[in-house]
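Input: a single structure, listed below in structure tokens.
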């Protein structure tokens, strides 16, 4: 056997942009055909974008998607092209791979394992494929191979009896090819690589894995497409969070001279880059250009601002400080210094007069001003209205700044600090917020995020001498265990957590579901994010018994 000249198209489609996605594919096909390449592979569901959700229930959308596939087929030449799209056979709908060559659609390959956990709901839209067989192909140099084409979840079969790669391998394949749209979770690429190597070592065949890259609503796809030779050595690893057209020579026999090493970026680096990509694509794909957010001088708004500036450019981000009589001097000065360090626009809009006007109105009506929690929430809601007015002024998108720990426990105000269009850090806990702040400063070799913002005691500053009512070093990991690990009361207590604290936090998480279902979409970077990945009832009378 000779070497195979392959091309990995790790690119960033947009859901529903059938024409634009197809034009992008046509341009790549034309260039790589002219370059004499043998095989071009696009990601899963490239033509319709992923996840297309209930668009797939619209028949005209599916038909238009098939028209795009036919257009790609007609444009194909001697190079073999594999592209993910929706296949409708007149009766059933499949998550499919179109095999294109010589101006024809040679055949469809169907995804077999349809995920229904976490953010996935593919059984709602697709019928599983059960016709798994190697695909015989002939390349331009006369090389004949049997391809084991499969799709995303078909690789993740360790706990499933129906094992696609085993079926394909036992029928005889020369090369495995996986088209994927695997959303980002920290270090998920390590697990993908382990699964790939397991398949390679079992059958001693090379493996091509092509993953989607880009942001789509609440999801981020991290790329990190990989190619392994038949000995489990990495021939190529595409960059994380970047579009990349990778041209690779894959040896079908023998050893590669310089195998690649799997990169190991820090958790902070991955999360920061994932959030930047998520913000950038959310703005680009929704056709927003400018962002506005409140700057409190605290760590959450500082990290949100840093992400926004990195994603959109400082000229497109406006930070607004909104001090009240309870705001400390250092909060205003820290907010202003952050804006100066980031190069973003900054405004100071005191809320004292507005707040006093509200209080006078209440006094006129009920003979006394608001106090306690209503007074605190009033300040948050005044700030939310100010920020929304600036958003409406020029079409800027308002970014909320609440972190996952606070949102889990309901330490946030509806129509106040929860107002906005995108919840940037809603899937990272308070500890990770601090870690990203330090990472950001280390990367820039400067305290861009002021040191005082990182070291001072966190406070909402809605009353005199207020500090946040949590020890985040204790509460943060416990919230993660409850939300991300689904740990129950018995397990948490057995693991050493204080029983009273466990009961308190479980109660807070449960009763604040109504808030979370009204929050803006957030960007998912953990194994269990609020929003698309966690579906809990608002009315919920269940209690865990100890």
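The values are calculated or read from the model by the stated rules, or taken from the named source; none is laboratory data. On a predicted model such as this, the values are computed, not experimentally measured, just so you know. So basically every Cβ, Gly included, is an ideal-geometry build from the backbone, and we count neighbours across all protein chains shown.
If you take the residues of region 97-120 that are surrounded by fewer than 16 Cβ atoms within 10 Å (Cβ to Cβ) and in contact with a helix residue (DSSP H, G or I) (Cβ under 8 Å, 6 or more places away or on another chain), which of them is farthest from residue 84 (Cα to Cα)?
It comes out as 116.
Do we have residue 72 as assigned by TED's automatic domain parsing to the domain that holds residue 124 and touching a residue at least 60 places away in the same chain (Cβ under 8 Å) here?
Answer is no for this residue.
Please give the number of the condition residue 40 fails out of (1) part of a loop (DSSP other than H, G, I, E, B); (2) crowded, with 22+ Cβ neighbours inside 10 Å.
Single failed check for residue 40: (1).
Which helices (runs of 4 or more DSSP H) does region 342-420 wholly contain that include 1 or more residues that are in contact with a strand residue (DSSP E or B) (Cβ under 9 Å, 6 or more places away or on another chain)?
Here the list reads 373-394, 404-409.
Please work out which one of (1) surrounded by fewer than 17 Cβ atoms within 10 Å (Cβ to Cβ); (2) closer than 19 Å to residue 400 by Cα; (3) in contact with a helix residue (DSSP H, G or I) (Cβ under 6 Å, 6 or more places away or on another chain) is the condition residue 343 fails and give its number.
(2)
If you take the residues in region 257-274 that are crowded, with 18+ Cβ neighbours inside 10 Å and touching a strand residue (DSSP E or B) at 6+ places or on another chain (Cβ under 8 Å), which one is nearest to residue 205 (Cα to Cα)?
270
In region 325-335, what residues are closer than 22 Å to residue 455 by Cα and either touching a strand residue (DSSP E or B) at 6+ places or on another chain (Cβ under 6 Å) or in contact (Cβ under 8 Å) with a residue 24 or more places away in the chain (or both)?
Scanning region 325-335 gives 326, 327, 328, 330, 331, 332, 333, 334, 335.
Quick one: in region 196-208, of everything that is crowded, with 24+ Cβ neighbours inside 10 Å and either in contact with a helix residue (DSSP H, G or I) (Cβ under 6 Å, 6 or more places away or on another chain) or free of Cβ contacts under 8 Å to residues at least 12 places away in the same chain (or both), which residue is farthest from residue 43 (Cα to Cα)?
Only one residue fits best here, namely 199.
Going through 512, 480 one at a time, which residue ends up being in contact (Cβ under 8 Å) with a residue 40 or more places away in the chain, over 30 Å from residue 189 (Cα atoms), under 24 Å from the mean Cα position of the chain (by Cα) and not assigned by TED's automatic domain parsing to the domain that holds residue 371?
Residue meeting the stated conditions: 512.
Please count how many residues of region 327-370 are modelled with pLDDT under 90, under 23 Å from residue 292 (Cα atoms) and over 35 Å from the mean Cα position of the chain (by Cα).
3
Taking the options 426, 431, name whichever one is surrounded by fewer than 19 Cβ atoms within 10 Å (Cβ to Cβ), touching a residue at least 40 places away in the same chain (Cβ under 8 Å) and touching a helix residue (DSSP H, G or I) at 6+ places or on another chain (Cβ under 9 Å).
Result of the check over 426, 431: 431.
Quick one: count up the residues across region 371-412 that are closer than 26 Å to residue 431 by Cβ and within 25 Å of the chain's Cα centre (by Cα).
Selection size over region 371-412: 15.
Of (1) crowded, with 20+ Cβ neighbours inside 10 Å; (2) more than 30 Å from residue 428 (Cα to Cα); (3) in contact with a helix residue (DSSP H, G or I) (Cβ under 7 Å, 6 or more places away or on another chain), residue 125 satisfies all except one. Which?
(1)
For residue 371, work out the one condition from (1) crowded, with 22+ Cβ neighbours inside 10 Å; (2) without any contact (Cβ under 8 Å) to a residue 60 or more places away in the chain it doesn't fulfil.
Residue 371 satisfies all of (1) crowded, with 22+ Cβ neighbours inside 10 Å; (2) without any contact (Cβ under 8 Å) to a residue 60 or more places away in the chain except (1).
Quick one: which residue in 66, 82 is outside any loop (DSSP other than H, G, I, E, B), surrounded by fewer than 21 Cβ atoms within 10 Å (Cβ to Cβ) and either within 31 Å of the chain's Cα centre (by Cα) or at positive phi (or both)?
Of the residues listed, the single one that is outside any loop (DSSP other than H, G, I, E, B), surrounded by fewer than 21 Cβ atoms within 10 Å (Cβ to Cβ) and either within 31 Å of the chain's Cα centre (by Cα) or at positive phi (or both) is 66.
Identify, from the list 217, 255, 222, 229, the residue that is at pLDDT below 95 and under 23 Å from residue 47 (Cα atoms).
217
Just give me the residues in region 147-187 being assigned to a loop (DSSP other than H, G, I, E, B) and at positive phi, in sequence order.
Within region 147-187, 172, 187 meet the criteria.
Looking at (1) under 19 Å from residue 45 (Cβ atoms); (2) out of contact with any strand residue (DSSP E or B) (no Cβ under 6 Å at 6 or more places or on another chain); (3) buried (at least 18 other Cβ atoms within 10 Å of the Cβ), can you tell me which one residue 165 breaks?
The one condition residue 165 does not meet is (1).
I'd like to know if region 25-39 contains one or more residues that are under 16 Å from residue 107 (Cα atoms), at pLDDT 95 or above, touching a strand residue (DSSP E or B) at 6+ places or on another chain (Cβ under 7 Å) and in the same structural domain as residue 152 (by TED's automatic domain parsing).
yes
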